[in-house]
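> This is the structure I have questions about; it appears just below.
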């Protein structure tokens, strides 16, 4: 069966060495590459020796690298026959998932993402990134379900530049916001039905003269009308909950922009990850003992 090789990897993953786990992950994430790459190319891509790749194949019960490739090719051919991605590049989710709620949900998320991208202006993204890089401190807030996006953003941004303050709850936010000045920035996430706390924080930031970036569904939302830079981002859901697929896409674009604009960001990130690795925070580590 085409999925057999993946099933075997799942069953034996915990018993693999760190190098072997990287090989297993490469097979799952990019089977097309594994299906047609030589053992030397695969080893070079993963930073391991060719003999490690060969030993991995025997470790999971196969007869060497060629046997591994043959099985992965079966998987790739099966995926191609499913016709999820036709030659014109358009996803055909119905043929893969049927015409029920799963395909409808993914189609809705893709449409949100498409419409969000079309509505973005490069100048606004550039200005938002410039603000995030140059502000003395950056406060991040997202009320109710938007807090999940705000939390991820604050965590990632703090690893890049520091002086990031995630606002949680009115009581905690009030004490943090007392020190906000015109040298600071606020990044606010808010989507219908709009959390009143996010609006209060936005109004306070404006009173202090701080620069405000709003990631919200429309420039005329309650917060969108009050910010210096608005990044229109669709979040409508298919049923009871908002969808944050487009919001996470916007966040990742902004974070990548911050890294590209801050030469010191990667050095800070590397030092933080080394510290977390020393604290044994991560499951996966490289052959040299560092986090992967």
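> If you go through segment 8-25 one residue at a time, how many are closer than 22 Å to residue 74 by Cβ and surrounded by 20 or more Cβ atoms within 10 Å (Cβ to Cβ)?
3
> Can you pull out every residue in segment 117-133 that is in a helix (DSSP H, G or I) and closer than 16 Å to residue 256 by Cβ?
Residues satisfying the conditions are 117, 122, 124, 125, 126, 127, 128, 129, 130, 131, 132, 133.
> Inspect segment 34-49 for any residue being surrounded by fewer than 14 Cβ atoms within 10 Å (Cβ to Cβ) and on the phi > 0 side of the Ramachandran plot and give the result as yes or no.
So far as segment 34-49 goes, yes, one or more of its residues are surrounded by fewer than 14 Cβ atoms within 10 Å (Cβ to Cβ) and on the phi > 0 side of the Ramachandran plot.
> Would you please name the residue that is farthest from residue 156 (Cα to Cα), looking only at residues in segment 272-289 that are surrounded by 14 or more Cβ atoms within 10 Å (Cβ to Cβ) and modelled with pLDDT under 85?
287
> Here is a follow-up. Only one of 125, 132 is touching a residue at least 24 places away in the same chain (Cβ under 8 Å), in the same structural domain as residue 185 (by TED's automatic domain parsing), within 24 Å of residue 181 (Cβ to Cβ) and surrounded by 13 or more Cβ atoms within 10 Å (Cβ to Cβ). Can you tell me which?
132
> Further question: Taking the condition buried (at least 21 other Cβ atoms within 10 Å of the Cβ) and in contact with a helix residue (DSSP H, G or I) (Cβ under 9 Å, 6 or more places away or on another chain), does residue 198 pass?
yes
> List, please: which pairs have Cβ atoms under 8 Å, are six or more places apart or on different chains, and start with a residue in segment 257-286 that is in a loop (DSSP other than H, G, I, E, B) and end with one that is loosely packed, with under 14 Cβ neighbours inside 10 Å?
If the second residue must be loosely packed, with under 14 Cβ neighbours inside 10 Å, the pairs left are 282/276; 286/47.
> Name the single residue, out of those in segment 118-135 being at pLDDT 95 or above and touching a helix residue (DSSP H, G or I) at 6+ places or on another chain (Cβ under 8 Å), that is farthest from residue 233 (Cα to Cα).
133
> Mind checking which residues of segment 246-270 are closer than 21 Å to residue 193 by Cα and buried (at least 19 other Cβ atoms within 10 Å of the Cβ)?
246, 247, 250, 251
> Taking segment 203-223 as the search range and keeping residues that are part of a helix (DSSP H, G or I) and without any contact (Cβ under 8 Å) to a residue 60 or more places away in the chain, which one is nearest to residue 128 (Cα to Cα)?
If we take residues in segment 203-223 being part of a helix (DSSP H, G or I) and without any contact (Cβ under 8 Å) to a residue 60 or more places away in the chain, then 206 is nearest to residue 128 (Cα to Cα).
> Something else now. Taking segment 65-86 as the region of interest, how many residues are surrounded by fewer than 16 Cβ atoms within 10 Å (Cβ to Cβ), modelled with pLDDT of 90 or more and in contact with a helix residue (DSSP H, G or I) (Cβ under 7 Å, 6 or more places away or on another chain)?
1
> Still on this model: Is it the case, given these coordinates, that residue 143 is within 30 Å of residue 208 (Cβ to Cβ) and modelled with pLDDT under 95?
Yes.
> Could you look through segment 58-76, keep only residues that are more than 31 Å from the chain's Cα centre (by Cα) and without any contact (Cβ under 8 Å) to a residue 40 or more places away in the chain, and pick out the one that is nearest to residue 15 (Cα to Cα)?
Going through the qualifying residues, I end up with 58.
The values are calculated or read from the model by the stated rules, or taken from the named source; none is laboratory data. Model, not experiment: these values are computed from the prediction. Virtual Cβ from ideal backbone geometry, glycine too; neighbours counted across all protein chains shown.
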